[in-house]
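Quick notes on the structure that follows.
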Amino acid sequence: MWDYTDKVKEHFLNPRNVGEIEDADAVGEVGSLACGDALKLFIKLDEKKERIVDAKFQTFGCGSAIASSSALTEMVKGKTLDEALQVTNQEIADFLGGLPEEKMHCSVMGQEALEAAIAKYRGVDAPAHGHGHDHVENEGEIVCKCFGLTDGFLKKVIAANKLHTAEQVTHFTKAGGACGGCIPKIKEIIAEVMGEEKKAAASKPAAKLTNLKKMQLIQEVLENEVRPQLWADGGDLELVDIDGSNVQVAFRKACAGCASSGYTAKFVEQKLRELVAPDINVQEVQG
Amino acid sequence: MKEIYLDNNATTKVDELVFEEMRPYFCELYGNPSSMHFFGGQVQKKVDQARARVAALLGAHPDEIVFTACGTESDNSAIRSALEVFPEKRHIITSRVEHPAVLTQCRNLTKRGYRVTELNVDGEGRLDMAELEAALDDDTALVSLMYANNETGVIFPIEEAAKLVKAKGALFHTDAVQAVGKIPLDMAASSIDLLSISGHKLHAPKGVGVLYVRRGTPFRPFLVGGHQERGRRAGTENTASIIAMGKACELAMEHMADENTRVRAMRDRLERELSALIPNTRINGGGADRLPNTLSIAMEFVEGEGILLLLSEKGICASSGSACTSGSLEPSHVLRAMGVPFTCAHGSIRFSLSRFTTDAEIDTVIKELPPIIHRLREMSPFGREFLNKK
Ligand SMILES: Cc1ncc(COP(=O)(O)O)c(C=O)c1O
């Protein structure tokens with residue numbers, strides 16, 4: 001059983017603003033029956049068409065999807081459209097006293113529906129997202145085929161919520177939660193987003209590392225970035241030796257003798273090149 | 001609030017008589033059955049009695065009964081053993097609708113170079129014997145097919161399958177965790193080599209299981225160490241739970257007729273009335289041979305978790321084969337394998353009864369569920385479309 005907060009339970013049992021607004025100014029729809037959740041959001045503006053005076057919703061989905069929709073409608077009332085667009089999925093979750101991580105995608109759905117509604121009202125294209133196959137047109141490349149999610153959408157959620165693992169991305173967006181075929185691609189996108197953030201933070205190329213510093217950094221990256229991802233797949237690795245830029249690793253558990261360990265070695269190398277130094281070579285040894 | 005417990009395929013209440021039977025074996029009769037003194041010896045006698053009681057329920061010999069720590073251990077041991085017995089054979093056959101205790105292990109084996117065939121099921125959850133026959137070859141070490149499905153209650157023609165498999169020289173294992181105690185089995189007239197049982201599905205405690213190993217079937221232990229269970233499962237016996245398991249099997253035999261008449265009648269009534277009162281439902285596996293206690297009902301345009309939470313508000317405990325409750329996002333692998341349409345796969349609820357279920361409890365569900373579904377449909381954009389059309 002999910003450990004829902006009292007506020008989630010209360011909003012699920014007594015949802016606010018269920019229904020529809022017949023003369024709504026904006027309607028946003030995301031999700032589908034196949035996805036397992038969907039939200040239709042109605043927004044009514046004041047006479048000057050500035051502030052949201054009413055919001056209503058219809059939701060197909062689990063308890064936290066209904067509670068998130070209810071929270072969203074309460075939160076946006078009284079806001080201008082620009083203010084409403086600032087509402088993040090984390091704020092929706094916070095309003096409810098938090099959501100289990102596995103359910104964060106419900107809060108993301110709320111935010112998406114709001115964006116879709118406002119974009120439609122303003123006559124612009126909805127931002128690149130995926131939830132809801134109807135909305136994905138040329139907005140980036142589809143990564144998760146099962147739920148129709150684009151790379152643009154995933155990047156946005158990964159950056160906004162500082163996600164580090166593919167599992168977290170699944171919890172926040174559902175991507176990879178069905179067939180799992182896109183999980184390697186999701187890992188690449190995470191690496192890309194994290195790389196961009198690192199670059200933005202440092203904004204200058206890393207200074208030349210001393211050998212000792214480099215060894216320490218390699219060990220750190222292996223511990224903090226690489227091994228947790230391997231554990232998630234039931235695998236593991238051991239650092240065997242570091243000689244200058246040559247890093248020798250041995251694969252353990254599910255990774256050992258796994259046909260894709262060549263791919264895993266490449267993944268380790270990519271990580272180290274990105275986070276330590278671009279001249280690193282990773283070699284798999286039997287250890 | 002008094003619970004109305006209709007989730008007996010997840011776990012069951014320990015029968016008070018079972019609990020009384022096991023109670024002395026913690027603080028008073030705590031001896032080790034392997035000991036040479038009288039104090040351990042008297043526990044050994046009770047363990048032997050438990051073994052005989054389990055054997056009686058299965059129509060087996062007591063020496064064919066191996067006690068384990070759970071249904072999952074029984075399944076894992078059976079599969080591993082078969083592969084060790086035939087080291088040169090590299091093919092396993094199972095089905096797409098097995099419990100994860102079997103399916104996860106089989107899928108992991110593909111990473112170790114095994115070929116795994118997962119048999120399909122039709123829209124009612126039934127196997128195709130021709131597909132099984134076609135999949136069998138000289139490389140097949142083991143076929144593992146469940147006796148009855150935990151989500152839908154659909155019963156596979158296990159004896160027919162076992163005969164086909166034996167004719168090809170492979171071993172046959174069945175996960176009978178959901179079947180034992182609910183429908184009669186007779187190992188004396190069977191071709192099954194290995195069969196798994198779990199205590200907590202038949203009113204014994206959690207954490208005890210049985211692996212039936214037919215006389216003459218080659219077997220390699222999973223846990224090695226001491227000589228317990230005649231070398232087939234090392235580790236000091238969980239005496240109290242084993243004794244409980246024996247009692248639970250004895251009681252299951254006494255109540256078998258009740259399960260198949262009174263419990264079945266309650267299930268059938270629940271199914272009939274809910275189908276009549278709630279528009280757009282379907283019974284998952286309704287066209288197949290099913291366990292007498294299980295009802296999996298799919299309701300269009302609503303999502304399972306909301307239904308369960310609202311039922312829970314009324315004290316009613318059920319489960320769903322749907323996305324959000326289990327933490328995974330797709331409808332259950334069982335419903336997916338059956339091709340249940342997406343419009344209702346997410347809204348599937350399983351009610352599983354037991355001999356402790358009463359008619360009054362069934363009445364409560366019949367009264368409470370239809371308004372819950374109506375309420376959620378009114379909240380759902382698809383449900384509204386459907387209600388407006390009507
Ligand atoms: C069909 C089936 N097999 C195996 C198991 C696992 O049994 P246990 O919980 O004792 O490990 C279960 C129940 O969870 C089951 O329903």
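What whole-number value in Å² describes the accessible area per residue of chain A for a 1.4 Å probe?
With the other protein chains kept in place, chain A gives 46 Å² per residue.
Select from region B:207-316 those trypsin sites (Lys or Arg not before Pro) which occupy a DSSP coil region and have at most 12 other Cβ atoms within 10 Å, ordered by residue number. Intermediate values should be presented prior to the final figure.
Numbers: sites: B:ARG214, B:ARG215, B:ARG230, B:ARG232, B:ARG233, B:LYS247, B:ARG262, B:ARG264, B:ARG267, B:ARG269, B:ARG272, B:ARG282, B:ARG290, B:LYS314; in loops: B:ARG214, B:ARG215, B:ARG232, B:ARG233, B:LYS314.
Listed in order of number, the matching sites are B:ARG215.
Helix A:63-76: angle to the longest alpha-carbon principal axis of chain A, degrees 0 to 90, nearest 10?
Helix A:63-76 sits at roughly 60 degrees to that axis.
Given the DSSP H assignment, sum -39500 (n - 2.57) over each helix run of at least 4 residues in chain B and divide by its residue total; what's the result at 222 nm in deg cm²/dmol, nearest 500?
My calculation for chain B gives -12500 deg cm²/dmol from helical runs alone.
In nm, what is the difference between 0.36 nm times the number of residues separating B:ARG107 and B:LYS206 and their Cα-Cα distance?
Gain on extension, B:ARG107 to B:LYS206, equals 33.1 nm.
Cross-link partners among aspartates and glutamates for B:LYS166, C-alpha distance below 14 Å, same-chain residues fewer than 8 apart left out?
B:GLU133, B:ASP137, B:ASP138, B:ASP139, B:ASP193
Just to be sure I follow the definition: excluding the sites themselves, where is the longest run in chain A that has none of the GluC sites (Glu not before Pro) in a DSSP loop with at most 15 other Cβ atoms within 10 Å?
In short, A:142-287.
How high is the FRET efficiency from B:ARG90 to B:GLU160, r the C-beta distance, R0 35 Å, rounded to 0.05?
With R0 = 35 Å, the Cβ-Cβ based efficiency is 0.85.
Multiply the residue separation of A:ALA159 and A:ARG252 by 0.36 nm, subtract the distance between their alpha-carbon atoms, and state the gained length in nm to one decimal.
30.4 nm
Using 0.36 nm times the number of residues separating B:LYS2 and B:LEU17, minus their current alpha carbon distance, what extension gain do you get?
That works out to 3.3 nm of additional length.
Can you give me the distance in nm between label points at B:LEU223 and B:HIS61, each placed 7 Å from the Cα along the Cα-to-Cβ direction?
Placing both labels 7 Å along Cα→Cβ, they lie 2.5 nm apart.
Can you show me the helix-derived [θ] at 222 nm for chain A, built from DSSP H runs with n ≥ 4 at -39,500 (n - 2.57) apiece and divided by the number of residues, rounded to the nearest 500.
Details: 11 runs with 124 residues, N = 287.
Per the formula, -13000 deg cm²/dmol.
Once the convex hull of the C-alpha atoms of the protein assembly as shown is built, how many Å³ does it hold per residue, rounded to a whole number? It would help to have the intermediate numbers written out before the result.
Values: hull volume 127.5 nm³, N = 677.
So the per-residue Cα hull volume is 188 Å³.
Taking both sides together, what accessible area is buried at the B/A interface, probe 1.4 Å, expressed in Å² and rounded to the nearest 100?
So the buried area, both faces added, is about 2400 Å².
In a GNM of chain B with a 10 Å cut-off on Cα contacts, which of B:MET36, B:MET245, B:MET299 has the highest mean-square fluctuation?
Maximum among the listed residues: B:MET36.
For B:LYS45 and B:ASP289, what does the FRET efficiency come to when R0 = 30 Å and r is the distance between their Cβ atoms, rounded to the nearest 0.05?
Between B:LYS45 and B:ASP289 the formula returns 0.15.
Over region B:178-300, consider all pairs of different Cα atoms and compute the Kirkwood hydrodynamic radius from their mean reciprocal separation; express it in Å, one decimal.
Computed over Cα pairs of region B:178-300, the Kirkwood hydrodynamic radius comes out at 17.2 Å.
Rounded, prolate or oblate: which fits region A:140-203, taking a ≥ b ≥ c as square roots of the Cα gyration tensor eigenvalues, rounded meaning a/c under 1.5, else prolate when a/b beats b/c?
prolate
Please state the charge dipole magnitude for the protein assembly as shown, taken about the Cα centre, from unit charges on C-beta atoms (+1 on K and R, -1 on D and E), reported in debye and rounded to the nearest 20.
Approximately 860 debye in magnitude.
Percent of accessible area on region A:211-284 owned by carbon and sulfur, 1.4 Å probe?
48
Pull up all non-local amide H partners of A:VAL240: gap of 5 or more, or a different chain, and H-to-H distance under 5 Å with H placed in the peptide plane.
Those lying under 5 Å, H to H, from A:VAL240 are A:GLN248, A:VAL249, A:ALA250.
Which value in nm describes the separation of the simple spin-label points at B:ASN260 and B:ARG115, placed 7 Å from the Cα toward the beta carbon?
Simple spin-label model gives 4.0 nm for this pair.
Mind listing the phi-derived Karplus ³J(HN,Hα) values for region B:138-155, rounded to whole Hz, using 6.51, -1.76 and 1.60 with θ = phi - 60°, and x for any glycine or proline?
Each residue's phi maps through the Karplus curve to give 5, 8, 6, 8, 8, 10, 10, 10, 6, 6, 9, 7, 5, 8, 10, x, 4, 9 Hz.
Taking B:LYS111 as the anchor, which aspartates and glutamates have their alpha carbon closer than 16 Å to its alpha carbon, excluding any fewer than eight residues away along the same chain?
List returned: A:ASP233, A:ASP236.
With heavy atoms of protein chains only and a 1.4 Å probe, what residues of region B:302-320 have at least 30 Å² less accessible area in the full set of chains than alone?
B:GLU303, B:GLU305, B:LEU309, B:GLU313
What shape does chain A take by its C-alpha gyration tensor, where a ≥ b ≥ c are the square roots of the eigenvalues and a/c under 1.5 counts as rounded, a/b above b/c as prolate, and the rest as oblate?
prolate
If you fit an axis through the alpha-carbon atoms of helix B:359-379 and take the longest principal axis of the Cα set of chain B, what angle between them do you get, 0 to 90°, nearest 10?
50
Report the one residue of B:ALA60, B:GLY207, B:PHE26 whose Cα lies farthest in the direction of the positive end of the charge dipole of region B:16-252 (charges on C-beta: Lys and Arg +1, Asp and Glu -1; origin at the Cα centre).
In region B:16-252, that residue is B:PHE26.
Please report the spacing between the Cα centers of region B:326-390 and region A:81-99 in Å, no decimals.
Region B:326-390 and region A:81-99 have Cα centres spaced 31 Å from each other.
Work out the length of the dipole vector of region A:140-203 about its Cα centre, built from +1 on the beta-carbon of each Lys and Arg and -1 on the beta-carbon of each Asp and Glu, and round it to the nearest 20 debye.
Using only the charged Cβ atoms, the result is roughly 80 debye.
Once you place label points 7 Å from the Cα toward the Cβ at A:GLU188 and A:THR88, how far apart are they in nm?
The answer from the label model is 2.8 nm.
Counting other Cβ atoms within 10 Å, keep those with at most 11, restrict to DSSP loop, and tell me which trypsin sites (Lys or Arg not before Pro) in region A:31-96 are left.
Those satisfying the criteria are A:LYS48, A:LYS49.
Show which lysines lie in cross-link reach of A:LYS213 when reach means a straight Cα distance below 21 angstrom and same-chain residues fewer than eight apart are skipped.
Partners found: A:LYS198, A:LYS199, A:LYS204, A:LYS271.
Which of the pairs A:LYS79/A:LYS120; A:LYS40/A:LYS187; A:LYS44/B:LYS367; A:LYS77/A:LYS120 have their Cα atoms more than 27 Å apart in this structure?
Over 27 Å Cα-Cα: A:LYS40/A:LYS187; A:LYS44/B:LYS367.
Could you list the trypsin sites (Lys or Arg not before Pro) in region A:143-225 that lie in coil according to DSSP, counting only those with at most 13 other Cβ atoms within 10 Å of their Cβ? Walk me through the intermediate numbers first.
On the way: sites: A:LYS145, A:LYS155, A:LYS156, A:LYS162, A:LYS174, A:LYS185, A:LYS187, A:LYS198, A:LYS199, A:LYS208, A:LYS213, A:LYS214; in loops: A:LYS145, A:LYS162, A:LYS174, A:LYS208.
Counting only loop positions with at most 13 other Cβ atoms within 10 Å, the trypsin sites (Lys or Arg not before Pro) in region A:143-225 are A:LYS145, A:LYS162, A:LYS208.
Taking the Cα atoms of region A:211-284, report the difference between the largest and smallest coordinate on each principal axis, in whole Å and largest first.
32, 19, 19
Of A:GLN248, A:GLY28, B:GLN178, which is farthest along the charge dipole of the protein assembly as shown in the positive direction, counting Lys and Arg as +1 and Asp and Glu as -1 at C-beta?
Value computed over the given set: A:GLN248.
Can you pull the Kirkwood radius for chain B, inverse mean 1/r over Cα pairs, to one decimal in Å?
Values: mean 1/r = 0.0457 Å⁻¹.
Radius from the Kirkwood sum: 21.9 Å.
If you line up the long axis of helix B:100-110 against the longest principal axis of chain B, both from Cα atoms, how many degrees apart are they, to the nearest 10?
With rounding to tens, the tilt is 70 degrees.
The values are calculated or read from the model by the stated rules, or taken from the named source; none is laboratory data. Keep in mind that what you see is a predicted model, and the values were worked out from it rather than measured. With ideal geometry, Cβ positions are generated from the backbone for all residues, glycine too; neighbour counts draw on all protein chains shown. Areas reflect the complete protein model, heavy atoms only, side chains present, ligands, DNA and RNA absent. Shrake-Rupley method; radii C 1.70, N 1.55, O 1.52, S 1.80 Å.
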